[in-house]
Amino acid sequence: MTGELWVRDRTWTWHDRLRDEAPPVWLSLDPADADHGPPARVTLVSGGVVRAWRFIGSTDPGADPIGLVCAAWSLLNDAPPGTPILAPPVRESPVHRHLALSLAQALRPERIVVPRASGLERWPWPVGAEEADATPDLPPLVRDAQRRARWLELRERATSQIVPLDTVGVLGARFGSGHRFRTTDWEGHAEAGAGTLLLIGDGEPDEAAGTLMAQSQASRMVVNSPRTYDGLVCAFAHQDGEDFAMGIVDRLDLERREFTVLSDAVPPAPVRLLRLGRLRVDGSGREVGEAKPWTV
């Protein structure tokens, strides 16, 4: 059983509570949090410094609920008993509601704290929610500017690193999740899995589409340009799945079969797994949207 679970929506923040209570360690499950480095991850913070983190690949906690729950469990293994947990901000949507309640049921906190008069106290939490005073959160424009500053910091300290696709596994995307097959009917990358054919290259298959579908025994086709992957946030991980560096995809070279990634890892990075996120960040640090699930 964990300590307190602090729940809020985007209207409120627990910053004042953190400042006043000054817990030695806390777990933030908000992937949009940029207080202690780049977002798109969840963090275990001690003394104002990130001690451990796990990649989510989006600022929306509902984008990868399975990954977020697994990340919470993983980070709690590195945390002392009773560590307070800042739940991801919730909103009135089925996915967010289900995620918040599932986290509370899985983590089994001793107490659940919600902002006073927020309405969250009426949700069916595993233990009765207690109301407490919270502080109004900063305007969205301020939060956007804060995240942009973090992405610019990442770009400034990053180096360009090569990730060879023949020796590094890709996670979190359709690319790399199927089996690759060679064909003379498509000049780029072709792979199939779960009934879907993924083609990456320039142009469209046109007349070859039917042949390619028959060869791959797929019922659905997704066609991407190599430039589809430009700007995707990503993370380097060891073979056991532990993330150790953040990055942004610079380009995908199909001829060389490699990604070029701007990463804060010390080169040459011992990357065994490349986690691709859904969030895109441009050269000026602006977040420019997210890819639809399992389209990249």
Check on residue 79, open to solvent by less than 30 Å² (accessible area, probe 1.4 Å), among the aliphatic types (A, V, I, L, M), assigned to a loop (DSSP other than H, G, I, E, B) and within 25 Å of residue 145 (Cβ to Cβ): no
Quick check: is even one residue across the range 9-19 touching a Ser or Thr at 6+ places or on another chain (Cβ under 9 Å) and closer than 22 Å to residue 241 by Cα? no
Can you work out which of the residues in the range 106-121 that are modelled with pLDDT under 95 and part of a helix (DSSP H, G or I) is surrounded by the most Cβ atoms within 10 Å (Cβ to Cβ)? 107
Residues that are out of contact with any His (no Cβ under 9 Å at 6 or more places or on another chain), open to solvent by less than 60 Å² (accessible area, probe 1.4 Å) and under 22 Å from residue 281 (Cα atoms), drawn from the range 166-175: 170, 172, 173, 174
Of everything in the range 89-103 that's more than 19 Å from residue 33 (Cβ to Cβ) and either touching a residue at least 40 places away in the same chain (Cβ under 8 Å) or among the charged types (D, E, K, R) (or both), which residue is surrounded by the most Cβ atoms within 10 Å (Cβ to Cβ)? 97
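Restricting to the range 224-263, what's the tally of residues that are open to solvent by 50 Å² or more (accessible area, probe 1.4 Å) and outside any helix (DSSP H, G or I)?
Qualifying residue count, the range 224-263: 10.
Select, from 185, 230, 202, the only residue that is among the acidic types (Asp, Glu) and within 27 Å of residue 271 (Cα to Cα).
None of the others qualify; the one that does is 230.
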Residues of the range 138-158 classified as over 21 Å from the mean Cα position of the chain (by Cα) and in contact (Cβ under 8 Å) with a residue 60 or more places away in the chain, total: 1
Give the residues of the range 271-296 that are in a loop (DSSP other than H, G, I, E, B), at pLDDT 95 or above and not hydroxyl-bearing (Ser, Thr, Tyr), sorted by residue number. 271, 272, 282, 283, 285, 286, 291, 296
Of all residues in the range 39-64, which are open to solvent by less than 10 Å² (accessible area, probe 1.4 Å) and over 21 Å from residue 113 (Cβ atoms)? 39, 40, 57, 58
Test for residue 131: is it farther than 23 Å from residue 62 by Cβ, open to solvent by 30 Å² or more (accessible area, probe 1.4 Å), of a type in the set (D, E, K, R) and more than 18 Å from the chain's Cα centre (by Cα): yes
State whether one or more residues within the range 180-190 are within 30 Å of residue 284 (Cα to Cα) and of a type in the set (Phe, Trp, Tyr). no
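Does residue 99 satisfy the condition of being assigned to a helix (DSSP H, G or I), more than 18 Å from the chain's Cα centre (by Cα) and within 18 Å of residue 10 (Cα to Cα)?
No; evaluated as a whole, the condition is false for this residue.
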Would the range 20-34 turn up any residue that is assigned to a helix (DSSP H, G or I) and on the phi < 0 side of the Ramachandran plot? yes
Write out, first by first residue and then by second, each pair whose Cβ atoms fall under 8 Å of each other, whose residues are 6+ apart or on separate chains, and whose first residue, in the range 267-296, is under 16 Å from residue 158 (Cβ atoms) while the second is open to solvent by 60 Å² or more (accessible area, probe 1.4 Å) and at pLDDT below 95. none
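The values are calculated or read from the model by the stated rules, or taken from the named source; none is laboratory data. In this text the structure is predicted, and so the values were computed from the model without any measurement. Every residue, glycine as well, gets a Cβ built from its backbone with ideal geometry; the counts of neighbours run over all protein chains shown. Please note that ligands, DNA and RNA were not included when accessible areas were found on the heavy atoms of the full protein model with its side chains. Shrake-Rupley method; radii C 1.70, N 1.55, O 1.52, S 1.80 Å.
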